[in-house]
Amino acid sequence: MKIGITLELCLYGAFDCRWSNGRSVNITGAKHRALIGMLAVAVNGVHSRNWIQEHLWDRSGAELGRQSLRRSLSDLRKVLGADFDKIIDANNTDIRLVLENVTLTSQPENGVFLVGLRVEEPRFVNWLRDRRIADQQKSLLIDSDTRLAVSPCVAILPFTSVASNAQENHFGDLVAMDVARALSRSRFLDVISHMSSRQLAGPRLDLTQLKSRLNADYAIGGNVRVTDGQYRLDADFIQTSTGRILWTEEFQGSVADILNGDSELVARIARQCGQEVLRASVEIARSAPLPQVAAHALFMASISGMHQHHLASFARSRDNLEELISRLPGHSKLHAWLAKWYILSIAQGWSIDVPKDSQIAADNTARALDINPECATSLTIDGMIQGDRSEDSSLALSRFQSATEIDPNHGLAWLMYSRLNSFQGNGDAAVKFATKARRLSPIDPHGYFYDVMTSLAHLVAGDFNTSKELVEKSIKANPRHTSSYRVLAIAQMLSGHGDAARITVKTLRQLEPNLTVQSYLASHPAGHLPIGTDWANALASAGLPQK
């Protein structure tokens, strides 16, 4: 509820807190100020009680930490008086600073965040350090117009006519524009705008200009010929730093198909571009010491490695991410992807300490959102964590809603939104969101995951044939992803194909020998929901042991 006066907070430079009518609010305790500061810069002003306790009273232990937090809230209630509930909204799980009734009166240029504040709790010390580093890097970004991008930068040049034919040049420009649009949907590539790329169009490719003017790491170019309504397009994919042609291919087809919106040519070029960037990045990351590898190559190699389901590649991807974070600690997306690494480690059964790794994942997304509360990737991955750790899905739901509002073209956000709806039994919404996610992610390196999540959505919607078709495609792309076999077995059993389901469960148990109905219900995010029970019963009927 909006109140007549607001609480004015100065967090940069000397701490100050007062009502907007000028009346001072005397908050003197270090942990009270820390609590207010952490909430003020959190996404939507919210942190969980557990997160706050771990950062401010970790050394006190769980029970004393809970008591200390309750006492601090009681102290703030006395200081804020009758308007406390309009400034701080506290329930059994979360604490929220009601931002509509709070005004932040200072910015990083006014001083150091929470300067002079001393709270001798390791997690808080680390959080405060990272927050200050992020503020410094944001200032550098504003002052020098440099970018903290870690994604490879790609320029798609218009395909030119060998004979300088105007019709052919127009067609080549159209294809380049469509490829740029397709690639720009990827969360892993930075794509130079078509208008910028076409300024360098011509029969001869100037790599120096591509690097100096566009800062492109890779470029797509080539030539096109049109004869009797048919095109022949020769495409080259070039690494600008070396001039190497990483792949070249000839494409042929009907001009009318392209003009009528048939995007198969565009999809093939975009898909091969994404695959080649991944391959080249992995090669670069493996061939030189980590400090010497370009940030964009380390990032792509990290994403590739964490989805290969080979332990050595998976472990190396964490090393790559940690190297990147040491270079760019103020880059929110890197912390989010490190959190995703720990999520995948748990999901694949490679974690040796699940509670610890789960906490590390949560800490990393919290750090990512502290750095940039409007990073759609960080919101999405934090939503995954919140949805899997708590039986209350409201925070996860708000994360996905925020991510898709901030970036409506974020494929992973829509996919995780679909996943949450599947767990809640909302089949139609799950299918809608998953379909959108797959359309927005044409070159995602873990396309198999998009397929299995879309399969799950169709399973919940009762479309068993589509569900089985998609999950079989997922298994073909990644035969070691165990959750795909679980979805397939459930779809087979629920559609009346019990014999096939029993064969699938046998394969599943070879990959995951310790899986039981009991462990499935205990570890699955939907295990406490009615739909999770239905799935567990289907797996039991297909031969999965109870214990």
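The values are calculated or read from the model by the stated rules, or taken from the named source; none is laboratory data. In this text the structure is predicted, and so the values were computed from the model without any measurement. No Cβ is skipped: glycine too gets one built from the backbone with ideal geometry, and neighbour counts run over all protein chains shown.
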Checklist entry - Do any helices (runs of 4 or more DSSP H) entirely within segment 1-101 hold 1 or more residues that are among the hydroxyl-bearing types (Ser, Thr, Tyr) and farther than 20 Å from Leu114 by Cα, and if so, which? => result 62-80
Checklist entry - Do we have Phe237 as closer than 19 Å to Leu183 by Cβ and outside any helix (DSSP H, G or I) here? => result yes
Item to check | Exclusive hit being over 30 Å from Leu183 (Cβ atoms), part of a helix (DSSP H, G or I) and among the acidic types (Asp, Glu), set Asp499, Asp451 | outcome: Asp499
Checklist entry - So how many residues does segment 71-119 have that are within 21 Å of His55 (Cα to Cα), of a type in the set (Asp, Glu) and within 32 Å of the chain's Cα centre (by Cα)? => result 2
Item to check | From the options Ser541, Ser467, Ser483, residue that is surrounded by fewer than 24 Cβ atoms within 10 Å (Cβ to Cβ) and at pLDDT 95 or above | outcome: Ser541
Checklist entry - Since Asp388 meets every condition but one in (1) more than 21 Å from Asn91 (Cβ to Cβ); (2) at pLDDT below 85; (3) of a type outside the set (Gly, Ala, Ser); (4) outside any loop (DSSP other than H, G, I, E, B), which condition does it not meet? => result (1)
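Each row is one residue, and each column tells you yes or no for (1) closer than 25 Å to Ser390 by Cβ; (2) touching a residue at least 60 places away in the same chain (Cβ under 8 Å); (3) crowded, with 17+ Cβ neighbours inside 10 Å; (4) in the same structural domain as Gly387 (by TED's automatic domain parsing).
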site: Leu11; (1), (2), (3), (4): no, yes, yes, no
site: Ile27; (1), (2), (3), (4): no, no, yes, no
site: Leu39; (1), (2), (3), (4): yes, no, yes, no
site: Gly61; (1), (2), (3), (4): yes, no, no, no
site: Arg70; (1), (2), (3), (4): yes, no, no, no
site: Ile88; (1), (2), (3), (4): yes, no, yes, no
site: Ser106; (1), (2), (3), (4): no, yes, yes, no
Item to check | Among residues of segment 179-197, those that are without any contact (Cβ under 8 Å) to a residue 24 or more places away in the chain and not in a helix (DSSP H, G or I), counted | outcome: 1
Checklist entry - Can you pull out the residues in segment 176-191 that are closer than 17 Å to Gly222 by Cα and either among the charged types (D, E, K, R) or surrounded by fewer than 23 Cβ atoms within 10 Å (Cβ to Cβ) (or both)? => result Met177, Asp178
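Name the residue, out of Asp388, Asp357, Asp370, that is within 25 Å of Gln136 (Cα to Cα) and acidic (Asp, Glu). Give the derivation first.
Details: Asp388 fails: within 25 Å of Gln136 (Cα to Cα); Asp357 fails: within 25 Å of Gln136 (Cα to Cα).
Answer to the selection: Asp370.
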Next on the checklist: Looking at segment 322-373 only, could you name the residues that are at pLDDT 85 or above, acidic (Asp, Glu) and touching a helix residue (DSSP H, G or I) at 6+ places or on another chain (Cβ under 9 Å)?
Outcome noted: Glu322, Glu323, Asp357, Asp363
Checklist outcome for this item: Taking segment 400-435 and keeping only residues that are over 23 Å from Ser151 (Cα atoms), among the charged types (D, E, K, R) and in contact (Cβ under 8 Å) with a residue 24 or more places away in the chain, one is left with Arg419, Asp428
Next on the checklist: I'm told Ser106 meets every condition in (1) assigned to a helix (DSSP H, G or I); (2) in contact with a strand residue (DSSP E or B) (Cβ under 6 Å, 6 or more places away or on another chain) except one. Can you identify the failing condition by its number?
Outcome noted: (1)
Checklist entry - Do you know which of the residues in segment 384-415 that are of a type in the set (A, V, I, L, M) and more than 14 Å from the chain's Cα centre (by Cα) is surrounded by the fewest Cβ atoms within 10 Å (Cβ to Cβ)? => result Leu397
Checklist entry - Within segment 522-538, can you find the residues that are crowded, with 18+ Cβ neighbours inside 10 Å and more than 19 Å from Ser418 (Cα to Cα)? => result Ala536, Ala538
Checklist entry - Counting just the residues of segment 418-456 that are among the hydroxyl-bearing types (Ser, Thr, Tyr) and in contact with a Lys or Arg (Cβ under 9 Å, 6 or more places away or on another chain), which one comes out nearest to Asp388 (Cα to Cα)? => result Ser418
Item to check | Yes/no for Arg118 being outside any helix (DSSP H, G or I) and in contact with a strand residue (DSSP E or B) (Cβ under 7 Å, 6 or more places away or on another chain) | outcome: no
Next on the checklist: Please pick out the residue among Ala288, Ala301, Ala312 that is surrounded by 21 or more Cβ atoms within 10 Å (Cβ to Cβ) and without any contact (Cβ under 8 Å) to a residue 24 or more places away in the chain.
Outcome noted: Ala301
Next on the checklist: Just checking, does segment 437-457 include any residue being surrounded by 24 or more Cβ atoms within 10 Å (Cβ to Cβ), free of Cβ contacts under 8 Å to residues at least 24 places away in the same chain and touching a helix residue (DSSP H, G or I) at 6+ places or on another chain (Cβ under 6 Å)?
Outcome noted: no
